[in-house]
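Since the structure comes first, as structure tokens, the remarks are kept for the end.
The values are calculated or read from the model by the stated rules, or taken from the named source; none is laboratory data. From a predicted model like this one, the values you see are computed outputs, not experimental measurements. Cβ atoms come from the backbone with ideal geometry, glycine included; neighbour counts cover every protein chain shown. The area values use the complete protein model at the heavy-atom level, side chains included, leaving out ligands, DNA and RNA. Shrake-Rupley method; radii C 1.70, N 1.55, O 1.52, S 1.80 Å.
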Amino acid sequence: MPQTRHANDVKTNSNIHKTLPAHPSTKPSYSKCSIHIFLPESCVPSCVKAMLRKRSPLVICGAFIFVAWNVVLLFVLMRRPSSPGTFNNQDKPGETEHRAEGGKFGNIMNEVIRVADAFEAELAAQKKILQQIQSHWSVWDSKDGVIPEKSKSEVEHTAPVVIPILVIACNRVTVKRCLDKLIEHRPSAELHPIIVSQDCGHRETSDVIGSYGSQLTHIKQPDLSDVAVPPQHKKFQGYYKISRHYKWALSQVFNTFSYSSVVVVEDDLEVAPDFFEYFRALHPMLKSDPTLWCVSAWNDNGRDGFVDPGKASLLYRTDFFPGLGWMLTKDLWAELEPKWPASFWDDWMRHPDQRKDRSCIRPEISRTLTFGRKGVSLGQFYDKYLRFIKLNTEFVPFTKMDLSYLEKEKYDESFEKEVYAASLVTLEDLKSGKLSGSGPFRVQYSSPDSFKSLARNLGVMDDLKSGVPRAGYRGAVSFLLRGKRVYLAPPAGWSRYDPSWS
């Protein structure tokens, strides 16, 4: 682009001449104590042009001129006579001898002081010129399309983070419902690009996804072959393909598109109005807190009647990996990718070797709702639990709220007090309806069998994964029952999960 560059150079030079002091139009008069120093005009354009191209030539050229000019200045000042009239003034013989005896030393000192004053004044003037050049440097470079290094770091620090949405799709044309809601509630296409990764090669589903055009990015899993599975897992072929697809899609997001985090949803999920607000607010905490490894939009026990509709802003820590609309970081993917499982990836995530005592954040009221009864799981849990999950409809401004109560130390202290200060009651007490007040109340279990029995009778999900109950934290599960807050919890002094409880 030579022409553009030349135009920028011309514009830059004109700015320089406005900034640098101009030569006086009249011949200077040299009074007794005044010193006038001028930088030769012929030197300015070439040096300044060099300054504008790169920062290092700017420093070198400026330093060279500064040092060289002051060396010349010092040499000239030391050679000049003590006053303008010295060359034309003839002293009388007697006066000359007297001055040689009494005034010679004084004249030398006066000359030294005069030279020092002049040198100091010139240094101040040149410093001012250099400061003017430096103050305009960023402006000149920005005109050439170069952002100063400091500005780059400031921009990176203050720029809003981009959190893409990865939609895992296969052969459901109802993906349209998922995409419609994502686009409807998305506050910014730039900050939340949608990437739909499709497996299965289903043409009708591909056509639906393609109809959204530039509103999303459509990528397709290239390997549609069957996966080699053990004979006893032949009926689980679908789970193997899902795991393979997840690995490929997440690798695309982090390794090809180079995003630093992502929210994963499946093609049968509908999102709440504050879905994006929720993840955006919790992103900084996920990035900074090593005791967290995911943020989920899902409450496994979030059925209508089991959550408090007046506490849409309430959030929890949970030791159970919920999935169904969840955010992870690139750092976590770098940890998981090398050992990603061939199948049943979600249960694999819940194993202690992966979880490593880390937790997720989950809401009181879910920010996703599943409408996919049919799938590889053949509707497991759907008719009994999932179809009744309450989807939040109230927009909560999470990004404007103080969420520091979710920090582990604060949360653990508050949680322990809340759970174990609650009145200990029996299942019969809760079912009788004789308990007064809104709680909280605590029901205690001491074995996997007692947990399952109590959970079934109370209406919450009763399965354990690596010993961790769904939506549980430190073994305790929080839910609402007939308007009362209830904790299904282990005895006080709980210390760890027992994987054999699965």
Just one of the numbered conditions (1) assigned to a loop (DSSP other than H, G, I, E, B); (2) within 28 Å of the chain's Cα centre (by Cα); (3) without any contact (Cβ under 8 Å) to a residue 60 or more places away in the chain is not true of D353; which one? (1)
Quick one: in region 394-403, of everything that is out of contact with any Pro (no Cβ under 7 Å at 6 or more places or on another chain) and closer than 17 Å to A297 by Cβ, which residue is most open to solvent (accessible area, probe 1.4 Å)? E394
Within region 199-206, is there a residue that is within 15 Å of V264 (Cβ to Cβ) and under 30 Å from the mean Cα position of the chain (by Cα)? yes
Among the residues of region 323-334, what is the count of those that are open to solvent by less than 10 Å² (accessible area, probe 1.4 Å), of a type outside the set (F, W, Y) and within 16 Å of R367 (Cα to Cα)? 3
Taking region 415-425, which residues are more than 23 Å from R456 (Cα to Cα) and open to solvent by 70 Å² or more (accessible area, probe 1.4 Å)? K417, E418, A421
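Table: residues versus (1) within 29 Å of Q237 (Cα to Cα); (2) outside the structural domain of W494 (by the TED database); (3) open to solvent by 20 Å² or more (accessible area, probe 1.4 Å); (4) among the small types (G, A, S).
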site: D346; (1), (2), (3), (4): yes, yes, yes, no
site: D353; (1), (2), (3), (4): yes, yes, yes, no
site: Y405; (1), (2), (3), (4): no, yes, yes, no
site: L427; (1), (2), (3), (4): no, no, yes, no
site: S438; (1), (2), (3), (4): no, no, yes, yes
site: R442; (1), (2), (3), (4): no, no, yes, no
Which count do you get for residues in region 371-401 that are within 21 Å of D463 (Cα to Cα), modelled with pLDDT of 95 or more and outside any loop (DSSP other than H, G, I, E, B)? 1
Residue under evaluation S260, criteria (1) within 30 Å of S313 (Cβ to Cβ); (2) polar (S, T, N, Q); (3) open to solvent by less than 20 Å² (accessible area, probe 1.4 Å), criterion not met: (3)
Please tell me if S423 is free of Cβ contacts under 8 Å to residues at least 40 places away in the same chain and farther than 20 Å from P309 by Cα. yes
Among (1) of a type outside the set (G, A, S); (2) within 16 Å of T368 (Cβ to Cβ); (3) open to solvent by less than 50 Å² (accessible area, probe 1.4 Å), which single condition is R280 missing? (3)
Which of (1) open to solvent by 60 Å² or more (accessible area, probe 1.4 Å); (2) free of Cβ contacts under 8 Å to residues at least 24 places away in the same chain; (3) out of contact with any Asp or Glu (no Cβ under 9 Å at 6 or more places or on another chain) does H218 not meet, given it meets every other one? (1)
So in region 450-497, with the set limited to residues that are polar (S, T, N, Q) and over 16 Å from G439 (Cβ atoms), which one is surrounded by the most Cβ atoms within 10 Å (Cβ to Cβ)? S466
From the option list A471, A455, A492, single residue qualifying as assigned to a loop (DSSP other than H, G, I, E, B), out of contact with any Lys or Arg (no Cβ under 7 Å at 6 or more places or on another chain) and hydrophobic (A, V, I, L, M, F, W, C) is A492
Residue identified as in the same structural domain as W326 (by the TED database), more than 24 Å from A312 (Cβ to Cβ) and open to solvent by less than 60 Å² (accessible area, probe 1.4 Å) among G372, G433: G372
If I ask for residues that are touching a residue at least 12 places away in the same chain (Cβ under 8 Å), over 12 Å from A342 (Cβ atoms) and in a helix (DSSP H, G or I), which ones from region 246-270 would you list? W248, A249, L250, S251, Q252, V253, F254
